[in-house]
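This report refers to the structure that appears directly beneath it.
The values are calculated or read from the model by the stated rules, or taken from the named source; none is laboratory data. No experiment lies behind these values; they were computed from the predicted model shown. Positions of Cβ are backbone-derived with ideal geometry, glycine not excepted, and every protein chain shown enters the neighbour counts.
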């Protein structure tokens, strides 16, 4: 038998292309209530979801499906908002690095006047739209890396689980400092990761939530902080 010719051009790109986000999520994920935040249901990965096919070899930042599970900081932040709706009621809210959209959806449920969810992963953006629709709320998902931009036209920034990586933390903290200086309130949700800017944080709530993506996991503490000067 002769050797198989290597594929080039459109044929090669089609073969290695990532699946359509909306179709993949609807087909391979399951709607499930969020642990510790049962008011919200999300399209969530399971053992048969096949998330490995979503990796983007051309972009390391898009290689991990962070949006496919609720994270502990986001669960704590969503719980905090739903228990204290006055925090977001009638305010313009930005969910920074929104992932699944859990925090944005909680803000919309709690009566925010406008909710924007920002992320860079097209699968996250599709998940946000599908999850918002599944919960009957309006969330505007935008594809944006905001850390290099001017402060947004919003009243409150919610940032769940953005301090797991040193480089990301080094970009996020100066951006939040600029937003704070412009008069925007900021809440951080995190289980206490290494790169948290502790000198900026004041504890405002603590919640027992499970680890990311671990079914029937033991609940552990995760915190909500006010980001201050």
From 226, 159, 170, residue being buried (at least 19 other Cβ atoms within 10 Å of the Cβ) and either at pLDDT 95 or above or not in a helix (DSSP H, G or I) (or both): 159
Scan of the range 81-107 for residues that are surrounded by 24 or more Cβ atoms within 10 Å (Cβ to Cβ) and part of a helix (DSSP H, G or I), ordered by number: 81, 102, 103, 104, 105, 106, 107
Residue match in the range 192-209 (condition: within 30 Å of residue 20 (Cα to Cα) and in a loop (DSSP other than H, G, I, E, B)): no
Where residue 209 falls short, out of the listed (1) crowded, with 16+ Cβ neighbours inside 10 Å; (2) out of contact with any helix residue (DSSP H, G or I) (no Cβ under 8 Å at 6 or more places or on another chain): (2)
Total residues in the range 130-151, condition modelled with pLDDT of 95 or more, more than 23 Å from residue 79 (Cβ to Cβ) and surrounded by 17 or more Cβ atoms within 10 Å (Cβ to Cβ): 1
Residue match in the range 131-150 (condition: closer than 23 Å to residue 193 by Cβ, in contact with a strand residue (DSSP E or B) (Cβ under 7 Å, 6 or more places away or on another chain), touching a residue at least 60 places away in the same chain (Cβ under 8 Å) and not in a loop (DSSP other than H, G, I, E, B)): no
Filter result for residue 211 (closer than 19 Å to residue 83 by Cα and out of contact with any strand residue (DSSP E or B) (no Cβ under 6 Å at 6 or more places or on another chain)): no
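I'm trying to understand the selection: among the residues of the range 35-52, which are at pLDDT below 95 and either in contact with a strand residue (DSSP E or B) (Cβ under 9 Å, 6 or more places away or on another chain) or surrounded by 12 or more Cβ atoms within 10 Å (Cβ to Cβ) (or both)? Spell out how you get there, then give the answer.
Restricting attention to the range 35-52, the residues satisfying the condition of being at pLDDT below 95 are 35-36, 44-52.
If the condition is that a residue be at pLDDT below 95 and either in contact with a strand residue (DSSP E or B) (Cβ under 9 Å, 6 or more places away or on another chain) or surrounded by 12 or more Cβ atoms within 10 Å (Cβ to Cβ) (or both), then 35, 36, 44, 45, 46, 49, 50, 51 are the ones that fit.
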